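The structure appears below as structure tokens.
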Amino acid sequence: MRQEDPVAPHPQAPSAPQAEREAMRRALTLAARGLGSTSPNPVVGCVVLDRARRTVGEGWHQRAGGPHAEVHALAEAGDDARGGTAVVTLEPCDHTGRTGPCSRALVDAGVARVVYAVADPGPGAAGGARTLAAAGVDVEGGLLADEAAAGNVAWLTSVLRGRPYVTWKYAATLDGRTAAADRSSRWITSAEARADVHRLRAESDAVLAGSGTARADDPHLAVRGIPGAVQPLRVVVDSEAAAVGAGARVLDSVAPTLVAVARDADAAALEGALRDAEGEAALLRLPRASEGPGLDLGALLAALHARGVRSVLLEGGATLAGAFVAAGLVDRVVGYLAPVLLGAGPAALGEAGISTIAQALRLTVSETVRLGPDLRITAVGGAAPGTAHAAGHVATTATAGAKKPSEQPEES
Ligand SMILES: NC(=O)c1ccc[n+]([C@@H]2O[C@H](COP(=O)([O-])OP(=O)(O)OC[C@H]3O[C@@H](n4cnc5c(N)ncnc54)[C@H](OP(=O)(O)O)[C@@H]3O)[C@@H](O)[C@H]2O)c1
């Protein structure tokens, strides 16, 4: 069955006046502030213009369970919202969840016009455009929809595909090595690049590593150096329950941790370590992969999705990343490349089910950024129809966030 593309081009709104377009740009910037802290909800930004098209209120959805962007912006606008325009990055909601419906709040505030970017893709298209129109509000959708969809790609992916959006991140030399032949690997990339990884972690709901990485590096997988960042869920994929032991750094109190093991694994020792952990740590039992080693990655993503995880940062290593690519479960690749040559040593990506050039997974570079001496390359896209690698899709994400030097190596 053909999958709907969460970031397929949307019809634009050519009649939208300049003030609304500028307000939408501002709303997109505001929305990006919520990355990493709103799941399972989308990121949303809102700007309220008065009758004279002056900005009188701004807001963004800051955390799940908290007020929606429209509510923040309307509160700031007060009476100035009456007869004005609300510009919002996502179709206002129409349901009463933990907060009231935004369609009702906009009507009550006396807003005359609502301009939104992306329609709510939820089941039964449960957005509030119809309710607003029925209440006499002038409603228009589609303004800067592609930019808004790109900024919300994790949430849109999760709604449309029923699994989190997966970013595979790696750090390597210019010749694609992640370590030297003797396996020494510290300081391949610069402090700037390593700090940027913490921004990526802060924007993700979960950070994932394989048992090989857990054994080799004892990684921490939490965010450092970004004040106020919401810590992601740390996930270690450890089929035999043999790689994470008492005292592992992922068991500290900085962030919650989940260790995924096979249903039939003897996890007695691990369960003891999780019980004694300083922080919140739990065991997740999953079926083994039907083909090849390890756990069923689809079941892993489904279990994370059920826990509200909408975006996953896959930090490797190469074996686990190869399995994700082979399963068509990588939506975006972020490579940190250092101008360093090694000539030998492990490659960034392991076996990915590709044996001939015709099966190569060809991506599209969506962004390149210099970070100190290094390059960050972001690539998105999918395989040609008919190959085993169904699927990546995606678009650039917002790149807002701190970029402070970190003392830690990229593997941790
Ligand atoms: N430069 C970088 O960006 C970077 C990032 C991370 C790691 N690294 C380096 O990479 C090395 C470790 O990589 P690695 O390839 O040996 O190990 P890995 O990819 O971290 O872990 C692989 C292991 O994950 C487990 N696993 C569970 N389910 C799986 C599945 N469906 N498919 C594949 N594996 C699954 C398997 O072991 P079980 O079945 O026994 O659990 C497998 O052996 C370390 O030296 C580390 O320093 C580098």
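The values are calculated or read from the model by the stated rules, or taken from the named source; none is laboratory data. Please read these numbers as outputs of a predicted model, since none were measured by experiment. Backbone-built Cβ (ideal geometry, glycine too); neighbour counts: all protein chains shown.
Among the criteria (1) assigned to a helix (DSSP H, G or I); (2) free of Cβ contacts under 8 Å to residues at least 60 places away in the same chain, the one Asp146 does not fulfil is (2).
Among the residues making up the range 224-239, those that are in contact with a helix residue (DSSP H, G or I) (Cβ under 6 Å, 6 or more places away or on another chain) and more than 10 Å from the ligand (Cβ to nearest atom) are Arg224, Gly225, Ile226, Ala229, Pro232, Arg234.
When Val334 is tested against (1) more than 21 Å from Arg161 (Cβ to Cβ); (2) at pLDDT 95 or above; (3) out of contact with any Gly (no Cβ under 9 Å at 6 or more places or on another chain), exactly one condition is not met: (1).
Of everything in the range 20-37, what is in contact (Cβ under 8 Å) with a residue 60 or more places away in the chain and under 17 Å from the mean Cα position of the chain (by Cα)? Give them in sequence order. Hits for the range 20-37 are Leu28, Thr29, Ala31, Ala32, Arg33, Leu35, Gly36, Ser37. Whether a residue is in contact with a Lys or Arg (Cβ under 8 Å, 6 or more places away or on another chain) and under 28 Å from Thr173 (Cα atoms) was assessed, and Leu286 does not pass this test. The one condition from (1) surrounded by fewer than 17 Cβ atoms within 10 Å (Cβ to Cβ); (2) touching a strand residue (DSSP E or B) at 6+ places or on another chain (Cβ under 6 Å); (3) hydroxyl-bearing (Ser, Thr, Tyr) that Ser290 does not meet is (2). Take Ala209 and decide whether it is in a strand (DSSP E or B) and either of a type in the set (Ser, Thr, Tyr) or within 12 Å of the ligand (Cβ to nearest atom) (or both). Against the criterion (in a strand (DSSP E or B) and either of a type in the set (Ser, Thr, Tyr) or within 12 Å of the ligand (Cβ to nearest atom) (or both)), Ala209 qualifies. In the set Ala206, Ala191, Ala181, only one residue is of a type in the set (A, V, I, L, M, F, W, C) and buried (at least 23 other Cβ atoms within 10 Å of the Cβ); that residue is Ala206. Just the residues that are among the β-branched types (Val, Ile, Thr), under 25 Å from the mean Cα position of the chain (by Cα) and modelled with pLDDT of 85 or more, please, taken from the range 84-102. Within the range 84-102, Val87, Val88, Thr89 meet the criteria. Considering Leu144, Leu200, Leu221, Leu160, the condition of being farther than 26 Å from Ala282 by Cα, under 23 Å from the mean Cα position of the chain (by Cα) and either within 15 Å of the ligand (Cβ to nearest atom) or at pLDDT below 95 (or both) is satisfied by Leu160 alone. Closer than 18 Å to Leu314 by Cβ, assigned to a strand (DSSP E or B), in contact with a Ser or Thr (Cβ under 6 Å, 6 or more places away or on another chain) and not charged (D, E, K, R) - does that describe any residue in the range 188-204? Taking every residue of the range 188-204 in turn, none turns out to be closer than 18 Å to Leu314 by Cβ, assigned to a strand (DSSP E or B), in contact with a Ser or Thr (Cβ under 6 Å, 6 or more places away or on another chain) and not charged (D, E, K, R).
To keep it simple, each residue is scored yes or no on (1) modelled with pLDDT of 50 or more; (2) closer than 30 Å to Ser290 by Cα; (3) within 20 Å of the chain's Cα centre (by Cα).
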position	(1), (2), (3)
Ala327	yes, yes, yes
Leu349	yes, yes, no
Ile354	yes, yes, no
Leu361	yes, yes, no
Leu371	yes, no, no
Arg376	yes, no, yes
Ala398	no, no, yes
Gln408	no, no, no
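Residue check: Asp296 meets all listed conditions (1) within 16 Å of the ligand (Cβ to nearest atom); (2) in contact (Cβ under 8 Å) with a residue 24 or more places away in the chain but one, namely (2).
When you scan the range 240-262, do you find a residue that is in contact with a strand residue (DSSP E or B) (Cβ under 6 Å, 6 or more places away or on another chain), under 30 Å from Asn41 (Cβ atoms), near the ligand (Cβ under 10 Å from one of its atoms) and of a type in the set (Gly, Ala, Ser), even just one? The answer is yes; a qualifying residue exists. Checked against the criterion of being in contact (Cβ under 8 Å) with a residue 12 or more places away in the chain, in contact with a strand residue (DSSP E or B) (Cβ under 6 Å, 6 or more places away or on another chain), among the polar types (S, T, N, Q) and near the ligand (Cβ under 9 Å from one of its atoms), the range 177-192 has at least one qualifying residue.
Inspection of the range 129-137 finds a residue satisfying the criterion of being at positive phi, without any contact (Cβ under 8 Å) to a residue 24 or more places away in the chain and over 22 Å from the mean Cα position of the chain (by Cα). Take the residues in the range 308-340 that are more than 11 Å from the ligand (Cβ to nearest atom) and assigned to a loop (DSSP other than H, G, I, E, B); name whichever of them is surrounded by the fewest Cβ atoms within 10 Å (Cβ to Cβ). The residue in question is Pro339.
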